[in-house]
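> Please read through the structure below; I'll follow up with questions.
The values are calculated or read from the model by the stated rules, or taken from the named source; none is laboratory data. Fair warning: this is a prediction, and the values are worked out from it, not measured in the lab. All Cβ positions, glycine included, derive from the backbone under ideal geometry; neighbour counts span all protein chains shown. Quick note on the areas: whole protein, heavy atoms, side chains included, nothing else; ligands and nucleic acids left out. Shrake-Rupley method; radii C 1.70, N 1.55, O 1.52, S 1.80 Å.
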Amino acid sequence: MLLNAGDTVAGELAARYGFAPVHDAPAGGHYLAFEDGRLVLQQAGDKARVCVDFVEGAAAHRRKFGGGRGQPVAKAVGLKGGANPGVLDATAGQGRDAFVLASLGCTVTLIERSPVAAALLEDGLRRAALDAGTAEIAGRMTLVHADSLQWLIDADAKSFDVVFLDPMFPEPDKRAKSKKEMAMFQALIGGDPDADALLAPARRIARQRVVVKRPRLAPWLAGLKPNFDYLGDSTRFDAYLPLG
């Protein structure tokens, strides 16, 4: 459901993603609301909000001070010299890594199966496109609301330079609770039970590599050892060469 759907933008999002417009906040559970010109996810009785914001906050800080092409995600995708590979982010979530890659020059297609996450992403990209500091970056990002596994299966072979996978991975309770907003997002969106199945079709459509983002100590996706990896402080980027 979507509160305050009378706004033109909110009404379009409600229609596109099938959200029922409501005039009053529900007594319990999660819901979407359009507040201060942006779409937010919230839980009844809780002040926490989830909003995709590429213009300000953490995204802006990372864009300006995140280390550029020296970041592990940039190295893993293959951003060296003047290379700007075309990237498919098949598990877009809140689009954070996709935005980083687009800010460094990549053209990024984002696939997101959850209608809630896709709506939050679309609204974040809409606002980024209206800001002079992020409009060019947003122009390199294309959102597709679709089931990632089926989309990968149907895609043409060798159709992207790099496929990026960041399936939802269950974190220890103490870490999930450290970020209330992220915990709320994960609770609503759920996990990726078919995560292991994404790897093989992703390797079929990648021309250069598939990059899988994992917690540093997590097992390999599908139990398959990567061809090489890049380590961050708390994450690991496993890289797999294409098939065929």
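> For the chain: lysine pairs with Cα atoms under 23 Å, gap of 8 or more or different chains, count?
Number of lysine pairs found: 20.
> Still on this structure: Going by amide H atoms built from the backbone, whose H comes under 5 Å of the H on MET168, apart from near neighbours?
Distant-sequence amide H within range of MET168: ASP192.
> While we're on this one: Taking the Cβ-Cβ separation of ASP46 and LEU224 as r and a Förster radius of 41 Å, what is the calculated FRET efficiency to the nearest 0.05? Intermediate results must be reported in sequence, preceding the final value.
Working: r = 39 Å, r/R0 = 0.96.
Using R0 = 41 Å, I get an efficiency of 0.55.
> Using 0.36 nm per residue of separation minus the Cα-Cα distance, give me the extension gain between ARG207 and ALA15 in nm, one decimal. Could you put the intermediate results ahead of the total?
Numbers: separation 192, 0.36 × 192 = 69.12 nm, distance 3.65 nm.
Extra length available between ARG207 and ALA15 comes to 65.5 nm.
> Further question on the same structure: Could you pull out which residues in the stretch 80-121 have an amide N less than 15 Å from a spot 7 Å beyond the Cα of MET168, following the Cα-Cβ vector?
In the stretch 80-121, the label zone of MET168 (backbone N under 15 Å from the point 7 Å along Cα→Cβ) covers 91-95, 112-121.
> Ok, one more. How large is the accessible surface of HIS145 in square angstrom, using a 1.4 angstrom probe and rounding to the nearest 10?
90 Å²
> Only helices at least 20 Å long along their axis, Cα-based, and averaging -0.5 or more on Kyte-Doolittle count here, so list those DSSP H runs from the chain. The partial results should precede the final answer.
On the way: long enough: 115-130 (23 Å, 0.65).
Taking the DSSP H segments of the chain (at least 20 Å long, mean hydropathy at least -0.5), we get 115-130.
> While we're looking at this one, here's another question. For the pair LEU217 and VAL22, how long in nm is the line joining their label points, each one 7 Å along Cα→Cβ?
Between LEU217 and VAL22, the label points sit 4.0 nm apart.
> So how compact is the stretch 1-135: Cα radius of gyration and Dmax in angstrom?
Computed over the Cα atoms of the stretch 1-135, radius of gyration and Dmax are 16.4, 54 Å.
> Another question, if that's okay. Residues in the stretch 193-214 near a label at LYS158, defined as backbone nitrogen under 20 Å from the 7 Å Cα→Cβ point?
200-211, by backbone N distance to the label point.
> Per DSSP H run of n ≥ 4, the term is -39500 (n - 2.57); total these for the chain, divide by its residue number, and report the mean residue ellipticity at 222 nm rounded to 500 deg cm²/dmol. Could you put the intermediate results ahead of the total?
Working: 10 runs with 85 residues, N = 244.
Mean residue ellipticity, 222 nm, calculated: -9500 deg cm²/dmol.
> Still on this model: Which whole-Hz ³J(HN,Hα) couplings does the stretch 19-36 yield from phi under the Karplus relation 6.51 cos²θ - 1.76 cosθ + 1.60, θ = phi - 60°, glycine and proline marked x?
Whole-Hz 3J(HN,Hα) from phi for the stretch 19-36: 8, 7, x, 10, 9, 10, 5, x, 6, x, x, 8, 7, 9, 9, 9, 10, 6.
> Quick one: give the max-minus-min coordinate of the C-alpha atoms of the chain along each principal axis, largest first, in Å.
Here the Cα extents, ordered largest to smallest, are 53, 38, 35 Å.
> Measuring from centroid to centroid over Cα atoms, what is the spacing of the stretch 115-159 and the stretch 1-62 in Å?
Spelled out, the Cα-based centre of one part sits 18 Å from the other.
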